[in-house]
Amino acid sequence: MSETRLTIYEAGHWVRFFVSCAPGYTIKYRLYGGRSMSTSIHFRQLNVPGDLPALVALKNAFFEQRKLNRTTTVERQQQLMTYPGHNAARDNCVAVLDDDTMLVGHIWLWQQTSLRTTLDITVHPKWAQHGIGQRLLDWAVTRAREHGSAYLDAQYPISLPDEIARVQQNGFQPLGTYLNASLPAAVELPPLDWPAGYTLKPYSDVNDISLYTQAMNRCYGDQWGHMSDVSEDFMAQSFEHYPPQNVFLLFDTEEQVCGVVRVQVDEAHAAYAVDAPALTPDHRQPELYRALLLYALHVLRNNQPSPAPISLDSWGDANSSVAAFWQLGFECKYHAIGYRYYL
């Protein structure tokens, strides 16, 4: 076992900071202050579902302190643990205090594709200067290499300069923009004006996993945060989150797949979302993109008992595509920059 000693300034007095390194990723930090107090932090796997309420408390404290205008729930965190390519027992690491109940740090990894693992890291604001974020990030790099990933992706809102500085200091390079936008319930959708020569079919009519996989890889291949480089097995698992009737494939006049859009309907929680559509490079026309997005919005509105907001996620879309969001009445809720670490 090795030990590193650091000295930091906290709460008006100097604090000696001990880091005791044990095998694996179990590490203890002991902080000794002017009042002869001792606090221990250790790292372990996340226990699901037992740790989820504490995880929600950690994340909501972070969102509130950083003024991110976001909240999360136990149900949402439970959903994240079931994503295809995510192993809840092995792909989460938490930092906890002595009592083993209060979480002060957490990292979630998701192997989206054979090449890419993404991360989401949260450190409690009161513990932001204790090296927890760095330790979690180090763990993530090791775990992503175990996945066999080629790179590790992260995204941070532009309002978090400290978090951005941390990943850049660790060799992460900027990729592009992520946007979460919301279409208010009061916005009336314009009628569909479908471009001639194109046909849109639900996957439930197509029923060809190879074609679906091809569409995802060709349409999203150059958009950093979307699903690309995916396998047929991975896409088959994705039906749990995007059922066949909520996946739509676009075909050109020669019956070649040239676009895709997917929607999510959660009637129990009145939650409706669209994954930003995509077109193959040779069909990227602004009017066609707008029509594909508008079709998805009409599908969602038709599934709503009464008008409700619609959420949209966009990674690396062209400026003309982003312009379509605002033209249709979307409002930006969250703006982040993506960063990548090449393993």
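The values are calculated or read from the model by the stated rules, or taken from the named source; none is laboratory data. These numbers come from a predicted model, not from an experiment. Don't worry about glycine lacking a Cβ; one is built from the backbone with ideal geometry, like all the others, and counts go over all protein chains shown.
Can you name the residue in the range 290-343 that is among the hydroxyl-bearing types (Ser, Thr, Tyr) and out of contact with any strand residue (DSSP E or B) (no Cβ under 8 Å at 6 or more places or on another chain) and, of all such residues, is nearest to Arg145 (Cα to Cα)? Steps first, answer last, please.
Kept after step one, since they are among the hydroxyl-bearing types (Ser, Thr, Tyr), are these residues of the range 290-343: 295, 306, 311, 314, 320-321, 334, 339, 341-342.
Next cut, out of contact with any strand residue (DSSP E or B) (no Cβ under 8 Å at 6 or more places or on another chain) only: 306, 320.
Numbers: Ser306: 47, Ser320: 36 Å.
Result: Ser320.
If only one of Ala276, Ala291, Ala268 is more than 24 Å from Gln223 (Cβ to Cβ) and either in contact with a Lys or Arg (Cβ under 8 Å, 6 or more places away or on another chain) or of a type in the set (Gly, Ala, Ser) (or both), which one is it?
From the options Ala276, Ala291, Ala268, the qualifying one is Ala268.
Step by step: first the residues of the range 155-194, then only those that are assigned to a helix (DSSP H, G or I) and touching a residue at least 40 places away in the same chain (Cβ under 8 Å), then the one that is surrounded by the most Cβ atoms within 10 Å (Cβ to Cβ). Which residue is that?
Checking each candidate, the answer is Val167.
So that you can scan it fast, the table gives a plain yes or no per residue for (1) among the polar types (S, T, N, Q); (2) surrounded by fewer than 16 Cβ atoms within 10 Å (Cβ to Cβ):
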position: Ala57; (1), (2): no, yes
position: Gln65; (1), (2): yes, yes
position: Val74; (1), (2): no, yes
position: Tyr83; (1), (2): no, no
position: Ile107; (1), (2): no, no
position: Ile121; (1), (2): no, no
position: Lys126; (1), (2): no, yes
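Quick one: how many residues across the range 42-84 are without any contact (Cβ under 8 Å) to a residue 24 or more places away in the chain and charged (D, E, K, R)?
Count: 2.
Those residues that are in contact with a strand residue (DSSP E or B) (Cβ under 7 Å, 6 or more places away or on another chain) and not aliphatic (A, V, I, L, M), I need them from the range 213-228; list them, please.
Within the range 213-228, Gln214, Cys219, Tyr220, Gln223, Trp224, Gly225, His226 meet the criteria.
Okay, residues lined up against (1) part of a strand (DSSP E or B); (2) free of Cβ contacts under 8 Å to residues at least 24 places away in the same chain; (3) closer than 16 Å to Gly338 by Cα:
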residue: Cys93; (1), (2), (3): yes, no, no
residue: Gly105; (1), (2), (3): yes, no, no
residue: Leu109; (1), (2), (3): yes, no, yes
residue: Lys126; (1), (2), (3): no, yes, no
residue: Gly133; (1), (2), (3): no, no, no
residue: Asp138; (1), (2), (3): no, yes, no
residue: Asp153; (1), (2), (3): yes, no, yes
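Do you know which of the residues in the range 162-203 that are in contact with a Gly (Cβ under 7 Å, 6 or more places away or on another chain) and among the aliphatic types (A, V, I, L, M) is modelled with the lowest pLDDT?
Leu175
One residue is enough: does the range 261-275 have a residue meeting the conditions among the aromatic types (Phe, Trp, Tyr), in a strand (DSSP E or B) and surrounded by 15 or more Cβ atoms within 10 Å (Cβ to Cβ)?
Yes.
Could you grab me the full set of residues in the range 290-314 that are of a type in the set (D, E, K, R) and under 12 Å from Arg262 (Cα atoms)?
Result: Asp313, single match.
Based on this model, can you work out whether Asp222 counts as more than 19 Å from Ala308 (Cβ to Cβ) and at pLDDT below 95?
For Asp222, the condition - more than 19 Å from Ala308 (Cβ to Cβ) and at pLDDT below 95 - is met.
In the range 284-294, what residues are surrounded by fewer than 18 Cβ atoms within 10 Å (Cβ to Cβ) and part of a helix (DSSP H, G or I)?
Pro286, Glu287
Looking at (1) modelled with pLDDT under 95; (2) within 17 Å of Trp194 (Cα to Cα); (3) among the charged types (D, E, K, R), which one does Arg290 not meet, given that it meets all the others?
Condition not satisfied by Arg290: (1).
For residues in the range 295-310 being farther than 16 Å from Ala186 by Cα and not aromatic (Phe, Trp, Tyr), which is surrounded by the fewest Cβ atoms within 10 Å (Cβ to Cβ)? Lay out the reasoning, then the answer.
Just the residues of the range 295-310 that are farther than 16 Å from Ala186 by Cα, to begin with: 295-296, 299.
Then keep just the ones that are not aromatic (Phe, Trp, Tyr); that gives 296, 299.
Working: Ala296: 23, Val299: 18.
Ranking the candidates gives Val299 first.
In the range 227-241, is there at least one residue being surrounded by 15 or more Cβ atoms within 10 Å (Cβ to Cβ), in the same structural domain as Pro277 (by TED's automatic domain parsing) and either in a strand (DSSP E or B) or over 20 Å from the mean Cα position of the chain (by Cα) (or both)?
The answer is no; no qualifying residue exists.
Please find, within the range 58-91, the residue that is nearest to the chain's Cα centre (by Cα) out of those that are assigned to a loop (DSSP other than H, G, I, E, B) and small (Gly, Ala, Ser).
Here is the first cut: in the range 58-91, the residues assigned to a loop (DSSP other than H, G, I, E, B) are 66-73, 81-91.
From the residues that got through so far, the ones that are small (Gly, Ala, Ser) too are 85, 88-89.
Working: Gly85: 13, Ala88: 15, Ala89: 18 Å.
Ranking the qualifying residues of the range 58-91, first place goes to Gly85.
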